[in-house]
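Contents: one structure, followed by commentary.
Every number here is computed from the coordinates shown, using simple stated rules; none is lab data. Please read these numbers as outputs of a predicted model, since none were measured by experiment. Positions of Cβ are generated from backbone atoms using ideal geometry, with glycine treated the same way; all protein chains shown enter the neighbour counts.
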């Protein structure tokens, strides 16, 4: 009001550019401008609310059990998978959490991790209409994870195209495939399906690598390690050994035969030709040839980019494509990974989380099968140099049309402060907002340092803004509800006909932004299968979908702020 | 030793056949490595001729050869009592005393024998670092690849440095340099808050003290806290605008922050201040590459590999060149640079 009472007065003032001439400025306008600038600065400094609020998540009473021991078994510090899935198709995302197991002193072989004790069960929580959760683990038939299995991660997809999402749980031990019966229960079909793997599995993901309409399964394995051949490193202060102390191992690719069974094609596909120490996996078609490629995050060595040769074989092209090492030619401790376009040039880029003092690696897809290390230009060196990251995602949390970044953080060593007082075991997660390709730290709403591990992303409350569930090693998971905003959005549910039913592997463009339909990525975790776009100020979107079958579908002027089901055309 | 035997030989005529026999038997046994037997024979000589320095010298030498340094001391001392000018005996006694921990007593003998290596070690043990260092340096000039000497010289230099700084900290605890020194100590221990506090106090006391901002910047850089590192390096460049290292570190911090244009300008300045510094050239190449100036990047990295053949920095430059050529479609050159990178990496990985 004071502004309105001011009299507009024209004054003469010397112009710096032309010292002998005079310019006329409006005092009222000047005052208003200054006030507005001050107000904006204050708003930016003090009043921007956190993007998320911590949801007490009534009914979600899970506590991860990693059972840390003085023997420093590596599995103790690596677990914590989480999945967001709508297992009963009621339109609300439910939460599946992977538990560790009991470790007590020197383990005997075969190990018994006491998984029959309810404290060590994996848990499925059904989301209720009021946002609370109900533990349905027993009723769903998911209570028994196998006595000899220490839990790691989970992936989700409808592998048999029956309309209900199935669960694949990775373990140190044998993995488990749980078929969703469509009536709220699951059946352990691991043996019949032939996907138990063995050894130490970490992240996994469903992907239709041969575009036959059936989702195949990729399973990363960390290393050749078992409790009988474990060791701790460090003399005065025992600590978890670095991965190089143990032999590398192969990843596994299972081809879906379509009859409920899978064939291990690791050897003949070329995947097993490269041994690694894999922790993360993500899929995208980086060279736009219509076939899914596979990126594997390896710990303490080169990262692997498996290029799909379009004939059911893969060639590892990390070095050739520029994604194997940092721009200084250095390996790093790859853990979580996401394979998604962050700079809106429609080509999928890569981010890999790693340990403190390494920088999270960002590889920009330059086209023609080539990537550039963009950690410095993207601002990630400033944001991540002192932090260790696990679960990760490029996702547009503020719906401004640019994918932001969320990372679950914590060092791998629970006693790292004793080894290096300048490092920290517990850290709050990182949220960084994308400002046209450069990331800036933002308030996630979580200031408490935690041992973050897995992270799954999805719209829990169907408000059009993406929420996060982050696991905490040896602790309770964190449910982060997005506070939302005034920006517009569009979320697509894909229904494949010739392609796999979930439409995983579809490349979707909306108003120039690209998304790749997948539940994989992050670390040990599976996210909402729906494809989400932030539209900023736009109230509609032009959408183009390229289905895994090759079918191209275009929808123009799709109104914003809706969940839209899109079915693949029956004919190309 | 040989001269002592000769001395004994000259006295041959005046000694009994018994003595000659024991001396010859002792020398023969010593020659054949039967040291216990030699010692026994030489002992008999000292009993038969208690005033003959050479007799005690031979006994002491046999003990020394048998590594019985403690037992060597008495006969060697007796030899010197009888003839204080026997340099070789001073040498042996000096070594024996030093070996047995009688360092202070060893020093005059080592000085007389001009044994700079042992003298330097003795002085080091007694805490006389400033005296030890020139002796060890002189010895090292004669045996430049002796790991023992390298170790002792390094240790003496380090301890002298510590001693001087301890004096600084105790005599002038409130000086800027004392706080800087404490900051350095904490920095080594990775006790960052304490280090930071000491550096800040140093700067409060002496805002323009050269080097403090640089060290504080390095502390932050090691933490990968690039904005803070940048601020400190920038402050140091204002104090010491002609210092190439500061300019390089400032440019590198800017580079880590993704401020490519500013980084490039500062690294170019560092390169002008001190041309052919491989670290600057590598960072310059990186800044140029990230800025899209492939020609400048290539030039800088080629210079790095010309200056540094087998260092990890050269490996990084080869990797950068490989990436650059790959992007340009120069497949063969890219493959060559990659193989050079692997060649340098391989021994490092071992």
Enclosed volume per residue, in Å³, of the convex hull spanned by Cα atoms of chain A:
178 Å³
Quick one: divide the alpha-carbon radius of gyration of the range A:105-249 by 2.2 N^0.38 Å and tell me what you get.
1.20
Averaged over all directions, how much area does the convex hull of the C-alpha atoms of chain B cover when projected, in nm²?
25.2 nm²
Separation between Cα centres of the range A:405-471 and the range B:54-100, rounded to whole Å
72 Å
Expressed in nm to one decimal, what extension gain is obtained for the pair residue A:268 and residue A:557 from 0.36 nm per residue of sequence separation less their Cα-Cα distance?
99.5 nm
Where q = 0.31 Å⁻¹, what log10 of I(q)/I(0) comes from the Debye formula for the range B:115-171, counting one point per Cα?
-1.19
For residue B:312 and residue B:294 in the same chain, what is the full-extension length gain: residue separation times 0.36 nm, less their Cα-Cα distance, in nm?
4.3 nm
Top of B:137, B:24, B:274 by mean-square fluctuation, Gaussian network on chain B, Cα under 10 Å
B:24
Rounded to the nearest 0.05, what FRET efficiency do residue A:129 and residue B:184 have when you use their Cβ-Cβ distance and R0 = 60 Å?
0.45
Fewest to most neighbouring Cβ within 10 Å: what's the order for A:195, A:554, A:419, A:207?
A:554, A:419, A:195, A:207
Counted neighbours (other Cβ, 10 Å), sorted fewest up, put A:294, A:545 in the order A:545, A:294
Once the convex hull of the alpha carbons of the range A:223-273 is built, what does its volume come to per residue, in cubic angstrom?
101 Å³
Quick one: what does P(r) look like for the range A:120-202 with 5 Å bins over all Cα pairs, in whole %?
3, 15, 25, 25, 18, 9, 3, 1, 0
When the range B:292-350 is reduced to its Cα atoms, the Kirkwood hydrodynamic radius in Å:
11.2 Å
Just checking the output field for B:225-236: average partner chain Cβ neighbours within 10 Å of each residue's Cβ?
1
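Hey, fewest Cβ within 10 Å first, where do B:228, A:176, A:72, B:261 land in order?
The order, fewest Cβ neighbours first, is B:261, B:228, A:72, A:176.
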Sort out for me the Cα centre separation of the range B:233-248 from the range A:503-532, rounded to whole Å.
48 Å
Counting only other chains, and only Cβ atoms inside 10 Å, what mean value do you get across the residues of A:277-283?
0
Modelling each spin label as a point 7 Å along the Cα-to-Cβ direction, I'd like the residue B:74/residue A:233 distance in nm, to one decimal.
5.5 nm
At R0 = 22 Å the Cβ-Cβ FRET efficiency linking residue A:571 and residue A:313, nearest 0.05, sits at 0.15
Using the alpha-carbon centroid of each, what span in Å lies between the range A:322-336 and the range A:187-254?
20 Å
In this structure, the FRET efficiency calculated for residue B:170 and residue B:261 from their beta-carbon separation, with R0 = 60 Å, to the nearest 0.05, is 0.80
In Å, the C-alpha Rg and Dmax of the range B:1-114 are 13.4, 41
For the range A:164-210, treating each Cα as an identical point scatterer without solvent, what Debye log10 I(q)/I(0) comes out at q = 0.29 1/Å?
-1.09
For the protein assembly as shown, what is the calculated [θ] at 222 nm in deg cm²/dmol (nearest 500), taking -39500 (n - 2.57) for each run of four or more DSSP H residues and dividing by its residue count?
-11000 deg cm²/dmol
Given 10 Å bins starting at zero, what is the percent of C-alpha pairs of the range B:62-188 in each, up to the one with the largest pair distance?
13, 33, 27, 16, 8, 3
If each of residue A:417 and residue B:104 carries a label point 7 Å out from its Cα toward its Cβ, how far apart are those two points in nm?
4.7 nm
Here the whole-number average of other chain Cβ atoms within 10 Å per Cβ of A:322-331 is 5
Diffusion constant of the range B:192-275 at 10 °C, which comes from Stokes-Einstein with the Kirkwood Cα-pair radius and 1.306 mPa s, µm²/s
126 µm²/s
